[in-house]
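Contents: one structure, followed by commentary.
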Amino acid sequence: MQVPFDDYAQAAGVATELVNTAPCVWNGTDKLSDVAELETFVTTHVPASWAPGLDAAVPTDDDLAATHGLRDALRTLIDSGDAQEIVRRATELTGSVGTLSLAVDDDVTRWQAITAPEAPLADQLGLLTGVGVLGVTHALGVERFRSCASPDCAGVFIDTSRNGARRYCMPGLCGNRVNVAAHRARQRAQ
Ligand SMILES: [Zn+2]
């Protein structure tokens, strides 16, 4: 895994997607319940250029269990809302870092963190999400770590929007649900 520091917002987005696969967000249903779902998660959310060859590696049950651990750690981190704790916990997640380097593409260079060789999948995802969390904390601030504004939702998210006005963990789902409820309430009131 190689994670460009400039792409911290996209990396934080992967952290948001991961925490919101948890059973507590889906009335007890785990959206990352087997290795096939883990494989789909990785190919869907991790850019192929960050993880050359990762899509060829089939995750194991150990990878799944460790990724659940990472998911719990990210949830605790986001819920804490405290800068020191967020930085401490995110730093722990980056333990699989092997080297820091520059990717050179024509005349463009990019800072990136690269995992140590043979790092397990969950450790690679730990580096990815850790870079995302640290980047957002540094560039945007800890107020970007928030709970979903939908009263029916237990999801959380890291707001990487330009204006910082994101309200929902899954805007298409939770935002719509709130809008529909408000619409029905207005209709009842009329
Ligand atoms: Zn939500």
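Just a few scattered comments:
- Rounded to the nearest 10 square angstrom, Thr43 shows an accessible area of 80 square angstrom against a 1.4 Å probe.
- Compared with the direct C-alpha span, the chain from Leu102 to Glu37 gains 20.2 nm at full extension, assuming 0.36 nm per residue.
- Put a dot 7 Å past the Cα of Asp72, heading toward its Cβ, do the same for Glu118, and the two dots end up 2.7 nm apart.
- Dipole of the range 2-189, positive direction: furthest Cα of Phe157, His183, Ala122, with charges on the beta-carbon: His183
- Pairwise Cα inverse-distance average, inverted: Kirkwood Rh of the range 68-172 (Å): 15.0
- Only Cα pairs under 8 Å and 6+ residues apart enter the sum, and on that basis the relative contact order of the range 2-75 stands at 34 percent.
- When the chain is treated as a GNM with alpha-carbon contacts under 10 Å, the residue of Leu173, Leu32, Leu100 showing the greatest mean-square fluctuation is Leu173.
- Springs between Cα atoms under 10 Å define the GNM used for the chain, and in it the highest mean-square fluctuation of Pro151, Pro47, Pro59 occurs at Pro151.
- Volume per residue of the C-alpha convex hull in the chain, rounded to whole Å³: 134
- Residues in the range 148-161 carry Karplus couplings, in order, of 4, 7, 6, x, 8, 10, 9, x, 10, 7, 10, 7, 10, 5 Hz; the curve used is 6.51 cos²θ - 1.76 cosθ + 1.60 with θ = phi - 60°, and Gly or Pro positions show x.
- Kyte-Doolittle mean at least 0.5, axial Cα span of 18 Å or more - DSSP H helices of the chain: 121-139
- CD proxy at 222 nm, helix term only [per DSSP H run n ≥ 4: -39500 (n - 2.57); per residue of the chain; nearest 500]: -15000 deg cm²/dmol
- Exposure of His183 as accessible area (Å², to 10), given a probe of 1.4 Å and all protein chains: 90
- Annotation note: chymotrypsin sites (Phe, Trp or Tyr not before Pro) in the range 1-54 located in DSSP loop regions with a Cβ neighbour count of at most 16 within 10 Å are Trp26.
- The range 87-182 - percent of accessible surface contributed by carbon and sulfur, probe 1.4 Å: 53
The values are calculated or read from the model by the stated rules, or taken from the named source; none is laboratory data. Remember, predicted model here, so these are calculated numbers, not experimental data. FYI the Cβ positions are ideal-geometry reconstructions off the backbone, even for glycines, and counts take in every protein chain you see. To get the accessible areas, we keep the full protein, side chains included, count just its heavy atoms, and leave off ligands, DNA and RNA. Shrake-Rupley method; radii C 1.70, N 1.55, O 1.52, S 1.80 Å.
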